[in-house]
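Scroll down for the structure; my scribbles are underneath it.
The values are calculated or read from the model by the stated rules, or taken from the named source; none is laboratory data. For clarity, every value in this text was computed on a predicted model and none was experimentally measured. Note that we place each Cβ from the backbone using ideal geometry, even for glycine, and neighbour counts take in every protein chain shown. Calculation scope for accessible area: heavy atoms of the full protein, side chains included, ligands and nucleic acids excluded. Shrake-Rupley method; radii C 1.70, N 1.55, O 1.52, S 1.80 Å.
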Amino acid sequence: MTPTPDVELTLRLGSLAHRYGLPAYELDDLLAETAAAFGLSLTVISTPACLDITVDDVDDGRQRRFLVPLDQVSYNLQKLSQTLKLADVIRAGDVGVDEAGQRLDEIDALRPPYPVAAVGVAYAACGAGFAVILS
């Protein structure tokens, strides 16, 4: 069964928020509140490997269940922050499903704020400084 666009966006939002490092207990609340903005009622069970989401269809009384496999967490606070801001905008009703999907694409395509070499030098400098402190 193919999900409707609002359900698909909710599933994608959950998958990306998990990948960027949102804890499971916050992820459950985030998805439930975001889905409520679309008029959906859902139950979320998040595990490290997948999201188990049950959507209650108020119109016909049926339930649809989706299992979303999750990628390994690659903590990215910049992308997580942008994703949570987008979820706030969605809940406020300022953004529709199509525009929110486009914004998720933009967030996912963000480049890291610092070059990889600069991060490596920073870690080395921190380690050297700590070694000096410990003598």
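For the range 87-111, which residues satisfy the criterion of being in a loop (DSSP other than H, G, I, E, B) and either touching a helix residue (DSSP H, G or I) at 6+ places or on another chain (Cβ under 8 Å) or more than 30 Å from V7 (Cα to Cα) (or both)?
G93, V95, L110
Being assigned to a helix (DSSP H, G or I) and free of Cβ contacts under 8 Å to residues at least 24 places away in the same chain is the filter here; which residues of the range 69-85 pass it?
S81, K85
Going through the range 7-53 one residue at a time, which ones are assigned to a helix (DSSP H, G or I) and either among the basic types (K, R) or more than 15 Å from the chain's Cα centre (by Cα) (or both)? Outline the logic, then answer.
Taking the range 7-53 and keeping what is assigned to a helix (DSSP H, G or I), we get 7-20, 24-37.
Those that are assigned to a helix (DSSP H, G or I) and either among the basic types (K, R) or more than 15 Å from the chain's Cα centre (by Cα) (or both): R12, R19, A36, A37.
Of all residues in the range 42-84, which are open to solvent by 50 Å² or more (accessible area, probe 1.4 Å) and touching a strand residue (DSSP E or B) at 6+ places or on another chain (Cβ under 6 Å)?
Answer for the range 42-84, where residues must be open to solvent by 50 Å² or more (accessible area, probe 1.4 Å) and touching a strand residue (DSSP E or B) at 6+ places or on another chain (Cβ under 6 Å): T43, I45, Q63, R65, L67, P69.
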